[in-house]
Each structure stands twice: as structure tokens, then as C-alpha cells.
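Following: one structure in C-alpha cells, then a few remarks.
The values are calculated or read from the model by the stated rules, or taken from the named source; none is laboratory data. Note that the coordinates shown come from a computational prediction; the quantities given were computed from them, not determined experimentally. Note that each Cβ is placed from the backbone with ideal geometry, even for glycine, and that neighbours are counted across all protein chains shown. The area values use the complete protein model at the heavy-atom level, side chains included, leaving out ligands, DNA and RNA. Shrake-Rupley method; radii C 1.70, N 1.55, O 1.52, S 1.80 Å.
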Amino acid sequence: MSAPVPTVVVAGTASGVGKTSVATGLMAALRAAGHVVQGSKVGPDYIDPSYHALATGRPARNLDVWLSGEDLIAPLARHGATGADITVVEGVMGLFDGKSPTELTASTAHVAGLLGAPVLLVVDAGAMARSAAAIVHGFATFDPGTRLAGVVLNRVGSPGHGDLLRRAIEPTGVEVVGVLPRMDDLATPSRHLGLVPVDERLEEAERTVATLGEWVGAHLDLDAVMRLARTAEVPDVAAWSPVQTASSHDPVGVAIAGGQAFSFRYTENLELLEAAGATLLRFDPLHDTALPEGTDAVYLGGGFPEVHADALAANTALLAEIRAHADAGRPVVGECGGLLYLCHDLDGTRQADVLPVSATMDAPLTLGYRQATAATDSILWRRGEVVTAHEFHRTVTDPPAGASHDDTEGEDAPGAAWLVDDRVEGFVDRSVHASYLHTHWAAYPQAAARLVAAARSSRQPATPTPIAQEPA
């Protein structure tokens, strides 16, 4: 096995302490100092990684225990770090916040432990003095398996305030590696599901990341960060790899939606599609009036189609082509935002009308990890398969889901995609799989292989073999 890449985890005492700004700024500062930096994010979030990718110039990665399982965390980290000098992992919420209120499951501390990585704790010290030491002491001793190696003090009011904080924290034995002054004039805009993604504000985001890099570079000890990162003991395991499953068949074209309305997708999902024999064809549903030439399947990831509903609706030529593609029995996958785009309408604005479903905004937030069972055979899943997933949206559909496999609705009605606890979720309609659930295919590589196989079969003149008869 190769030697592990130096790794450090940037955690917070809670959400809102400036963790994303510090982590992104650290990535940019290290890159400016000449290092090749890999950015990763604990949890299922897509937006923070978009800023990481901008800061590092490399695809960002997600390390989520619930979505991919404990055993894949170190292999995924090693895969992402190929060719890098250091991996900077941004945590989620507070250091010990995860799926359970009584365990570390899926928390930042859990991932740090699986990577054997030191933790830098971001503390919002703007309104405190010696109390900062009590917070650091508590976080350092709360869990014996978590190695709190350094502290970054954020929103510090003055040099004198910083000196006071350093002296207060010194007896805890935890090194202060950065004292960052307030930057009240720098703010990243947010809306109903968090920060606005990079794809929607690229020029502004570039300026923001550059400023964050200068801010962190001037006030945080980068040499100390590198020294601590070299103490990481990432397990000596093989890097995850998108196993080559492609046969001798010609590649198939999978059109990947992107642009401002559809920016959410896991890097590994795309790598698995390529390994299975797909040629990835990028298109922007806001501006491209046709699917890319050679499209055999359409993959609509998540994003914010609700913000761009009118502009999407105005692109009638593309909507008609996607509808015709689905009507011809050719594969279409819609994840969350992709589901909304496939609906008949979104808040009364006509969309692709692939599914006889209406979607509306201003619903209560639906957020959380899910365990789901495939309700029927589809282009991605086999009935009865169990997956772990994540759900995060403020929309609802009417009807809320397709019929379950036990229901007796008309033959033309979409079936349900999933059984989640005591409810059905999502839609399966011929060659269409649409759902609010996000899945990380590194844990389920068969999904990518099946989508490519379904795409290949759909372009054959003969009737494709029913999915239920295909080998799992």
C-alpha cells in the first residue's frame, strides 16, 4: 500500500461558527503556498464541496458513514487524495453531532476516527474570553477516541483579544494554530437549503474563495497545519476504485444535467458510470435546446430547479425532447431536483411532464438519513434491495409518491420507487426512476452498471429483456 496522504479534519463546536469559511480558506491558502490539496466533506452536502473544488482545483469528495458505510471511508479518502499533498476534510454541524444523540455514528468525530486524523476545532470566540478554554477542554476530553490537535479561534475582535484567548487556552494543552479576525464584510449568500452553490455565482464565488485564502493564509499557521496533518494514521487499505465493468460493447452516452439549476451529484457516481462504459455528455437544461448527440440515458441530479422554474419552462424544445426520450422507453434518472424537473408542473409552471405529478414549494423542511427498500424493479434497483440514503428538500409532490407494489392502480400509473418506514416514496414509470432520495453509488456500484446496461438495451431494435430477468 502507498503511504497515507497527510490529513486534517476541520470541525466546529456547532453550525454557524465559520467552519466552511475556515476550511475553504485553508484549502485555498495551502494551494497558494504550493501544495496540491484535496478537499472533502463529512456528510451528504453538495454545496460546501462546490466551494472546496473551487479552492483546490480538484473534484471534491463526500465522506459519509451512513451513505457509504464505515468500511469505505478510508478507501474513499485514499482514492480522492491520489496525487495530493494534503487532504483537508470539512466536518458537519458540531464535532460530535451525527445520526444519533447518544453515539458518534456519522458525526465528524466518527469520520476523523476512521481516518486516524487530527482535528482542528473552529471556535467562534467573538463574544467570549476565558470561557473559550472551557469549551476547548470539554471538546478535547469528551471522547477519548477523538484527537483534538489544534484550535482555530474565529471572529476575534482585536490583537489584544487574541492574546487573552491564547493565554486562557494554553493550560488545556491544545495548540492554537490560528486567530482569525472578524470579516463582517464577507458573506456567502444563503437561501432555503443553505449556501448558494458555486455554479450560480461563479465570479463572486471565485472572489470569495480568494479572499478567504488570503484571510486564512495571513492569520493561520500553515506550517503547523501541515505538521499536524502528517500525524494522521489513515488505515493501510487499498484506495477505492470504480471497478471496470465495461464489456466490449460500444460506449453508451449518458447525458449529465449541469449548470445553475442542476449542480448536485457525487463525483464517484460519475466515475462509476464511466467505468461501466458510459461516455458522460454534459448539458445545461437552462440553455441547451437539445440533448447532446449520442444520448442514450439522461441523469438529472439534484439542484435548484425551483429557483429557475420559469427559465426551465421556457426551454420548450429540450422539455419536449426529454419527454420523447422517456416515452420511447429510454432511461431517465431524476434525483430530488431532477424529480421536480420531470413533474408535470412546479408551482403551476409547466416542466417536462414525464410524470403525471405536480410539485409545490414552501413545504416544511424534509431532512434526514433514510433506509429504503426498492419497491419494484427499475433501471437502477431490484425489488427488495435495501439502501441507505439522504433526503433534503422543501417541496412536496401531488401525489406524494407512486403506487406501492401492493396497490392496484391503473397500468399507466407510475409505481413507487421506495418503501421508507411506513410510506412509499418516489416514482418508477417504465424506464424512469425519480425520487427525492440521494444515494452514494460507491456503496452500490451495481446502480451505475444497470443504468448503462439499460441505456444500451434501449437503443436495440429488439424488445429489451425485462429488468426482472436480468442477473443482479
Study note, to complete from the structure: Computed curve, the stretch 1-84, Cα-only Debye sum without solvent term, log₁₀ I(q)/I(0) at 0.16, 0.18 Å⁻¹, is -0.61, -0.78
Study note, to complete from the structure: Answer in debye to the nearest 20: the dipole magnitude of the chain about its Cα centre, from +1 Lys/Arg and -1 Asp/Glu charges placed on Cβ, is 1260 debye
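What is the mean projected area of the alpha carbon convex hull for the stretch 86-214, to one decimal in square nanometres?
9.6 nm²
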Review point. Where in the chain are the helices, taken as whole DSSP H runs, whose Cα atoms extend 27 angstrom or more along the long axis and whose Kyte-Doolittle mean reaches at least 0.5?
Key: none
Revision key, fill the gap. Farthest towards the positive end of the dipole of the chain, among M128, T231, V111 and with Cβ unit charges of +1 on Lys and Arg and -1 on Asp and Glu, lies the Cα of T231
Check your understanding: Given a cut-off of 30 Å, what percent of all Cα-Cα pairs of the chain lie beyond it?
Key -> 47 percent
Study note, to complete from the structure: Rh_Kirkwood(the stretch 1-143) over Cα pairs, Å, one decimal, evaluates to 15.2 Å
Point to revise | Solvent-accessible area per residue for the stretch 13-59 (1.4 angstrom probe, square angstrom) | key: 27 Å²
Study note, to complete from the structure: antiparallel share of DSSP beta bridges within the chain, to nearest 5, in %, is 35 percent
Review point. Quick one: which of 95-103, 438-446, 83-91 comes out on top by average Cβ neighbours within 10 Å, and what's the full order, highest first?
Key: 83-91, 438-446, 95-103
**Study point:** Inter-probe distance in nm under a simple model that places probes 7 Å from Cα toward Cβ, at V396 and A320
**Key:** 3.5 nm
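Ignoring ligands, DNA and RNA, what percent of the accessible area of the chain is carbon or sulfur (1.4 Å)?
The computed percentage sits at 51.
As an exercise, use a Förster radius of 22 Å and the Cβ-Cβ distance of A313 and D284 to find the FRET efficiency, rounded to the nearest 0.05.
0.90
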Check your understanding: Just how large is the dipole of the stretch 132-181 about the Cα centre, in debye to the nearest 20, putting +1 at every Lys and Arg Cβ and -1 at every Asp and Glu Cβ?
Key -> 80 debye
Point to revise | Alpha-carbon centroids, the stretch 69-83 and the stretch 220-240: separation in whole Å | key: 13 Å
Point to revise | 1.4 Å probe accessible area per residue over the stretch 362-406, in Å² | key: 44 Å²
Exercise for review: Give, rounded to the nearest 20 debye, the magnitude of the charge dipole that the stretch 320-386 has about its Cα centre when Lys and Arg contribute +1 at Cβ and Asp and Glu contribute -1 at Cβ.
Suggested key: 240 debye
Point to revise | Nearest-0.05 FRET efficiency for A14 and R130, computed from C-beta distance (R0 25 Å) | key: 0.85
Review point. Mind listing P(r) for the stretch 198-318? All alpha-carbon pairs, 10 Å bins, whole percents.
Key: 11, 25, 25, 24, 13, 2
